[in-house]
Amino acid sequence: MDARDTAPDSWEQEADVEASPGGQLYSALLALNVNARPFVPNVNAAEFVPVFTANAPSKNEDSAVVVEKISSMEAPESAAPVVNGDSALTTEDPWDQKEEEPTREEPGGEDQEPSMATTEETAAPEMMMEEEEEEEETPAPKGPAPQTHAPKKEHINVVFIGHVDAGKSTIGGQIMYLTGMVDKRTLDKYEREAKEKNRETWYLSWALDTNQEERDKGKTVEVGRASFETEQRHFTILDAPGHKSFVPNMIGGVSQADLAVLVISARKGEFETGFEKGGQTREHAMLAKTAGVKHLIVLVNKMDDPTVNWSLDRYEECKEKLVPFLKKVGFNPKKDIYFMPCSGLTGANLKEPTDLCPWYTGLPFISHLDSLPHFKRSTDGPVRLPIVDKYKDMGTVILGKLESGSIFKTQQLVMMPNRHVVELLSLLSDDVETDDAQPGENLKLRLKGIEEEEILPGFILCNAENLCHTGRTFDAQIVIIEHKSIICPGYNAVLHIHTCIEEVQITALICLVDKKTGDKSKTRPRFVKQDQVCIARLRTAGTICLETFKDFPQMGRFTLRDEGKTIAIGKVLKLVAERD
């Protein structure tokens with residue numbers, strides 16, 4: 001036929017012909033025979049056999065064999081097609097998988113198993129699904145899934161403390177960059193913005209100082225939070241403020257820490273300012289010990305400064321002045337303290353060893369953190385979670401460090417001291433959702449059954465079987481550290497115990513304690529003065545949660561502050577019942 005001969009070989013080649021009314025294609029269409037007889041298939045024709053069924057045995061059983069072979073190679077549509085949403089999971093529509101996969105994984109991959117388990121499929125289709133998921137271009141949904149069931153890395157909270165401008169936030173920002181938690185583009189942006197404000201050397205600290213006021217003034221006010229991971233452990237950085245006006249915030253940060261990093265500046269004049277009376281180096285080290293931090297790393301920062309130039313003499317000078325004081329505070333120089341030179345601005349000796357100080361033979365900072373001995377946690381003890389902060393976000397959210405016991409989603413707990421029964425709706429550890437949490441983790445918890453206005457920092461979350469003790473009166477052993485005049489019964493101060501801040505009065509002095517022998521005096525003292533140790537009865541203005549130091553060291557240590565200074569540290573010996 002003429003029409004068949006003039007038909008185009010492809011649509012693309014004959015695009016111009018198609019457009020013109022007088023073209024070959026147009027004439028071919030007009031020549032179609034619309035009255036032709038309907039097509040009748042030739043039943044005696046040779047049968048079409050697909051390539052993958054080329055070895056089919058016979059014509060009669062052909063259809064059964066084809067179905068079997070197709071079912072063995074493709075996901076069966078007949079066996080429960082709803083695997084992932086409402087549509088069938090087949091190889092022809094991968095867009096459906098890509099769209100539905102994140103919702104199945106979100107958040108933290110916890111819904112992956114239930115969605116797979118609801119389908120009554122055989123082992124072969126399940127394996128096929130896994131192979132298809134691996135071939136997809138977006139690996140993100142598949143990434144976090146194994147971690148939810150893998151053994152968790154040990155969680156360690158590291159607080160950076162020290163005098164103002166020693167370089168705490170800069171070191172924290174540099175560590176986040178070196179461990180890949182902040183990318184180069186973000187740091188370049190911070191550097192440009194810092195240059196515009198004539199603050200070129202502050203840009204690294206902006207990774208932790210996210211508040212605009214903190215960036216403008218160059219001072220940390222709130223405790224900054226960040227996290228990074230090594231092969232062995234997961235670390236949470238707590239960047240405490242160094243200014244003396246914000247010591248209460250610093251105490252809240254150090255109360256959540258397992259390990260303290262005391263940052264000192266080696267620059268001529270700066271170390272002396274921080275270490276002298278009135279400087280924060282002394283007070284911060286003392287508060288860290290009071291809060292229960294056992295291990296202290298002293299980072300001698302700014303070793304690259306022109307006044308230092310990685311000098312061993314200056315490093316040893318700082319070390320010789322610090323060790324006697326830290327020993328007096330209660331740290332063991334041989335076991336608890338480790339000195340290390342570094343430069344926060346350049347990152348020298350933080351992740352990789354540096355050639356600038358051949359006299360230092362130890363590990364760099366991050367490697368040293370990884371090599372520390374494991375921390376002992378009380379996983380089977382009663383639940384104790386002191387609350388640091390709270391806010392509203394689709395319900396009531398609280399922040400705090402789990403000191404003892406383990407918690408899980410949907411668990412019923414009690415908020416003390418107001419005895420509210422609450423339910424855990426979700427748990428986030430460093431902004432990653434998890435089903436359960438172990439002691440030592442810094443958590444965000446979303447609660448059901450309590451309003452945000454009914455919670456105060458210093459409240460304790462505990463289990464109903466073992467409630468936290470509450471009260472107003474207790475006996476404690478106190479060490480007077482710095483106070484110009486004498487302290488008598490009736491003296492008022494501010495009590496900092498775990499995350500709680502409350503006014504307190506010394507109602508009675510019971511006895512003096514000899515520092516060397518521990519012997520108690522038989523007569524009641526009329527007053528106590530600096531460097532003396534006594535046992536006293538204290539009464540708070542309101543009811544607080546507390547435990548004895550013997551039962552819960554984390555909740556039995558406290559600090560007394562007055563007029564912006566830390567005047568005493570102590571430990572709770574006995575809880576006194578209220579008289580009716």
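The values are calculated or read from the model by the stated rules, or taken from the named source; none is laboratory data. Keep in mind that what you see is a predicted model, and the values were worked out from it rather than measured. Methodologically, a virtual Cβ is constructed for each residue, glycine included, from the backbone with ideal geometry; neighbour enumeration extends over all protein chains shown. What goes into the accessible areas is simple: the full protein's heavy atoms, side chains included, and nothing from ligands, DNA or RNA. Shrake-Rupley method; radii C 1.70, N 1.55, O 1.52, S 1.80 Å.
The table for this structure:
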{"read-out": "Alpha carbon centroid spacing (whole Å) that separates the range 525-562 from the range 225-285", "value": "24 Å"}
{"read-out": "Under 5 Å, built H, 5+ apart or other chain: amide partners of Gly381", "value": "Gly405"}
{"read-out": "Cα extents of the range 308-371 along the three principal axes, largest first (Å)", "value": "33, 28, 20"}
{"read-out": "Difference of contour (0.36 nm per residue) and Cα-Cα distance, Asn249 to Asp435", "value": "64.0 nm"}
{"read-out": "Estimated distance in nm for a label pair at Val323 and Leu356, the labels positioned 7 Å out from Cα along Cα-to-Cβ", "value": "2.5 nm"}
{"read-out": "Linear extension gain, Lys335 paired with Lys515, 0.36 nm per residue minus alpha-carbon span", "value": "62.6 nm"}
{"read-out": "Square roots of five times the Cα gyration tensor eigenvalues for the range 442-580, Å", "value": "30, 16, 14"}
{"read-out": "Relative contact order computed over the range 379-483 (Cα-Cα under 8 Å; 6+ residues apart), in percent", "value": "33 percent"}
{"read-out": "Global form of the range 345-499, assessed from the alpha-carbon gyration tensor, a/c cut-off 1.5", "value": "oblate"}
{"read-out": "Cα→Cβ-extended label distance, 7 Å offset, between Glu465 and Lys574, nm", "value": "3.0 nm"}
{"read-out": "Sequence-separation-based contact order of the range 437-574, relative, with Cα cut under 8 Å and 6+ spacing, percent", "value": "31 percent"}
{"read-out": "Inter-part distance where the range 171-199 and the range 406-467 are each reduced to a Cα centre, Å", "value": "34 Å"}
{"read-out": "Portion, in percent, of the accessible area of the range 490-530 that falls on carbon or sulfur, probe 1.4 Å", "value": "49 percent"}
{"read-out": "Solvent-accessible surface (1.4 angstrom probe) belonging to Ile501, in square angstrom, nearest 10", "value": "90 Å²"}
{"read-out": "Efficiency of FRET from Cβ geometry, Arg419 and Glu193, R₀ 51 Å, rounded to 0.05", "value": "0.60"}
{"read-out": "Low-density loop cleavage sites - trypsin sites (Lys or Arg not before Pro) in the range 364-421, where at most 12 other Cβ are within 10 Å (DSSP)", "value": "Lys376, Arg419"}
{"read-out": "Per-bin percent of Cα-Cα distances, the range 342-392 [5 Å]", "value": "4, 15, 16, 12, 9, 10, 12, 11, 8, 4, 0"}
{"read-out": "Sites Glu454 and Gln411 - FRET efficiency at Förster radius 22 Å, r taken between beta-carbons, to 0.05", "value": "0.70"}
{"read-out": "Trypsin sites (Lys or Arg not before Pro) restricted to the range 299-364 and DSSP loop, no more than 13 other C-beta within 10 Å", "value": "Lys334, Lys335"}
{"read-out": "Å² of accessible area per residue within the range 213-325, as computed with a 1.4 Å probe and no ligands counted", "value": "37 Å²"}
{"read-out": "The range 294-412 - convex hull of the alpha-carbon atoms, volume per residue in Å³", "value": "190 Å³"}
{"read-out": "Accessible area (Å², per residue) of the range 332-382, counting only protein heavy atoms and a probe of 1.4 Å", "value": "57 Å²"}
{"read-out": "Calculated from backbone phi, Karplus (6.51, -1.76, 1.60) coupling profile of the range 222-232 in Hz, x at Gly/Pro", "value": "8, 6, x, 10, 7, 8, 8, 10, 10, 5, 9"}
{"read-out": "³J(HN,Hα), Karplus 6.51/-1.76/1.60, whole Hz, each residue of the range 501-515, x for Gly, Pro", "value": "10, 8, 6, 9, 10, 7, 8, 7, 9, 8, 6, 8, 10, 6, 5"}
{"read-out": "Proximal lysines relative to Lys189, as straight alpha-carbon distance under 16 Å, when same-chain residues fewer than 8 apart are discounted", "value": "Lys197"}
{"read-out": "Heavy atoms of Trp359 accessible to a 1.4 Å probe, total area in Å² rounded to 10", "value": "70 Å²"}
{"read-out": "Packing-based ranking, highest mean first, of 476-485, 261-270 given that Cβ atoms within 10 Å are counted", "value": "261-270, 476-485"}
